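One structure below.
The values are calculated or read from the model by the stated rules, or taken from the named source; none is laboratory data. Remember, predicted model here, so these are calculated numbers, not experimental data. Cβ coordinates were reconstructed from backbone atoms using ideal geometry, including for glycine residues, and neighbour counts include every protein chain displayed.
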Amino acid sequence: MPGWSRRRQLSAPARLYLLHAALLTGSLALNGAFFNFAIPALGFKLQFLGLLNTASIAVAAILSLPLWWLVTRIGLQRSLLLSALLQALGIGMTALWPSAVPLLIGVGLTGAAATIFQVSAPPYMMEQSDSTTRDHLFSANAAVNIGFAGIVTFFAGDLKTWLGWLLGTGAESALAYRAIFACAALGVVLAILPLLAIRRRSAQASASVESVTQQPVAEAVAQRLATVTGDDEPSWLARLPLLVPLVDRLPPNVRQIVRQPMRVLPLLVSPLLISFGASALFLYLNLFFKTRFGISDTSIARILAILNIATGLAALAGPAISTRIGKMPMIVLTQLLSIPFLLMLGFVPVLGIAVGAALVRGALFNMGSPLYDAFAMERTDESARPIVIGLINGAYTVGYLISPVISTWVQEHYGFAPLFITTALFYGVAALMNYWLFMRKRAVRQSQPIEQRDLA
């Protein structure tokens, strides 16, 4: 069946979720388009910008375990609502109270909100799809998020100019930036409405979400996992005498991951490597265009918007390619093909060529990103999905704890050239590790029973 027909089969809750995600990411894009410019305009140094970007990730990392637990307690839909409320509060503090401590608190709230969203969204999409629509929902989610964010970013410069005129200040004044952040906070509040419109699922379906908190059901899940794999032998680490009592006290879904970590650890390698490359470079792509080519904020916003729209459209092509060559082969291929364009972006001193290279790079590298989440969720039991996606997103954020401050120091002393080379190396190694871990032994896995392959 054609991909468009599959997308039309998406359930009403899935469509409402896509609307929520579009409004949310569009609002966050409005905030993100000017955040790097706003902090210096508010009177802070570039190093403080690096500190803010690091603080957001640090708070998310510190609170990750209690936030994952919270998601399992209150359910996925309520978690999405909580995430949006925290995002609105954090961005609102930036707009209303732009001094050092409130800014740190605000980015901390948005970091916690991002963690809740990242842990809740993929399992929620799994619930709202089946094997025939799953890839299309994940890809449509990426396309809607990135594409809508691109559209918002395209007009963000005009909005900022209009707000500056309305307030009687310049378009790049501190007050104009604060007004943009207020609009972004309002957009996040509006994103809550589609979630409220989603009708309550049946009791039987809802019970599956909360099963991670119910001991008898969770025990049954753990027992079924052991039966399917035919191997409940814990790893050597989980058998250490001092750790056995601690492991036995864990919830069954967490215990199964701790006892057999090799089911999850391979899924974390590529995100970990990508995080170091992305946080060093693409967090500051707007600054790169401004310092390298000397163009205005509005022009930069429109360039980034075009990149996002193209990337969103490219995500729709992912399922069509993956059905022919497989999810992981497509991910590895597109990641490797994107690297030459990444280097072209960094070293060709012509704006038109740099923008074209950025467009192709973004489309290729991100085409398989939503399918990586689907790939991971398919290999994970339902009760453990929030934990596994939390670990994956945790791996994606590790680099953001370290690289932003280092990146701003490198920018001040050496420019962007070392960052492009470093990012290309990290991305190349990430693609090769995906090949090594998931494709090299494909023939061996295909010779195993299908149940065992799915959980290997």
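Taken over region 318-340, the criterion of being surrounded by fewer than 20 Cβ atoms within 10 Å (Cβ to Cβ) and without any contact (Cβ under 8 Å) to a residue 60 or more places away in the chain is satisfied by Ile321, Arg324, Ile325, Gly326, Leu333, Leu337, Pro340. Out of all the residues in region 345-363, is one or more farther than 14 Å from Ile274 by Cβ and touching an Asp or Glu at 6+ places or on another chain (Cβ under 7 Å)? No, there is no match, as no residue in region 345-363 is farther than 14 Å from Ile274 by Cβ and touching an Asp or Glu at 6+ places or on another chain (Cβ under 7 Å). The set of residues from region 167-182 being surrounded by fewer than 18 Cβ atoms within 10 Å (Cβ to Cβ) and at pLDDT 85 or above comprises Leu175, Ala182. Being outside any helix (DSSP H, G or I), of a type outside the set (A, V, I, L, M, F, W, C) and over 17 Å from Thr94 (Cα atoms): is that true of Thr161 here? Criteria not met by Thr161.
To keep it simple, each residue is scored yes or no on (1) small (Gly, Ala, Ser); (2) buried (at least 20 other Cβ atoms within 10 Å of the Cβ); (3) in contact with a strand residue (DSSP E or B) (Cβ under 6 Å, 6 or more places away or on another chain).
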| site | (1), (2), (3) |
| --- | --- |
| Ala357 | yes, yes, no |
| Gly368 | yes, yes, no |
| Ala395 | yes, no, no |
| Val398 | no, no, no |
| Pro418 | no, no, no |
| Ile421 | no, no, no |
| Leu425 | no, no, no |
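Scanning region 18-62 for residues that are in contact with a Ser or Thr (Cβ under 7 Å, 6 or more places away or on another chain), within 27 Å of Ala121 (Cα to Cα) and hydrophobic (A, V, I, L, M, F, W, C) turns up Ala29, Ala33, Ile57, Ala60, Ala61.
One residue alone among Ile146, Ile105 is buried (at least 20 other Cβ atoms within 10 Å of the Cβ), part of a helix (DSSP H, G or I) and among the β-branched types (Val, Ile, Thr), and that residue is Ile146. The listed residues are Thr298, Thr311, Thr323, and the only one of them that is under 30 Å from Ile39 (Cα atoms), out of contact with any Leu (no Cβ under 9 Å at 6 or more places or on another chain) and of a type outside the set (A, V, I, L, M, F, W, C) turns out to be Thr298. Does region 159-176 contain at least one residue that is polar (S, T, N, Q), closer than 22 Å to Ser299 by Cα and under 25 Å from the mean Cα position of the chain (by Cα)? No, that holds for no residue.
When region 326-384 is examined, which residues are found to be more than 22 Å from Arg134 (Cα to Cα), assigned to a loop (DSSP other than H, G, I, E, B) and not β-branched (Val, Ile, Thr)? Within region 326-384, Pro349 is the sole residue that qualifies.
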